[in-house]
Structures are given as structure tokens and as C-alpha cells.
Amino acid sequence: MDYLADEINKKIGAYIRRIRKEKNYSGYQLATMLNVSQQQVSRYETGQTKLTFEMVDGILLALNKTWKDLFNAVMDEHDNERIKDAIKKDRVYYHILNNVSNKIWN
């Protein structure tokens, strides 16, 4: 993962952690909801694991949040040109944006 994609991944992880804490869920509780280990949730939150569309979708569902909520929180923290560059370099994020666009606006 290149620097920009890594940075976006970390921002998404930080968002997940912030929302989990706002909802007073422990890492273990979220892990149970996602059917993963607590250690895996920690890796998601710290950006150590590259998140896929399916992973993020499941986490948002468990936290009762939408893709729009996520993008409003994460995109506000990034310059649009840097995001475009990261997306061009990493097709996973292109795939995520396509899926999210369809979910939000269709």
C-alpha cells in the first residue's frame, strides 16, 4: 500500500474507533458482532490491515452508520486531489467508491 492509500486507511480506522467508543462498545464487543478477533478489530482501527469494501460495509452496519457518514468524516480531513491520486494508484479504493456511490445515490 502506498503512502496516500495507507493514510486514507488509517483515517477510516480512526473513524471506526471513534464511533465504536462513542457507542460505548469495547473492541471485543465489535469483534463479536463482526465475527472476527479483538486483535483484528484493533488492526482495522490502527490501519494495519488494508480494509476492503466488504469489511467496511460490515463494520458500518454493526455501528449503525452509513457510507455517507464515513465519507463526510474522512473526506473532510483530506485534500480532494490527494484522494484522487490515491484512488488512481489503488484500484481497491476505486472499487469502494464505485460501490459506495451506488449505495448512497441509487
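Scanning the stretch 1-52 for residues that are in contact with a Gly (Cβ under 7 Å, 6 or more places away or on another chain) and of a type in the set (S, T, N, Q), we see that the one that is modelled with the lowest pLDDT is ASN9. Consider the stretch 70-81 and keep the residues that are farther than 15 Å from ALA5 by Cβ and in a helix (DSSP H, G or I). The one that is modelled with the lowest pLDDT is ASN80. Identification of helices (runs of 4 or more DSSP H) wholly contained in the stretch 1-69 with 1 or more residues that are in contact (Cβ under 8 Å) with a residue 40 or more places away in the chain yields 3-22, 53-62.
Which members of the stretch 14-36 meet the condition of being in contact with a Phe, Trp or Tyr (Cβ under 9 Å, 6 or more places away or on another chain) and over 13 Å from LEU63 (Cα atoms)? Selection gives VAL36 alone.
The values are calculated or read from the model by the stated rules, or taken from the named source; none is laboratory data. Everything numeric in this text was worked out from a predicted model, so none of it was measured. Positions of Cβ are backbone-derived with ideal geometry, glycine not excepted, and every protein chain shown enters the neighbour counts.
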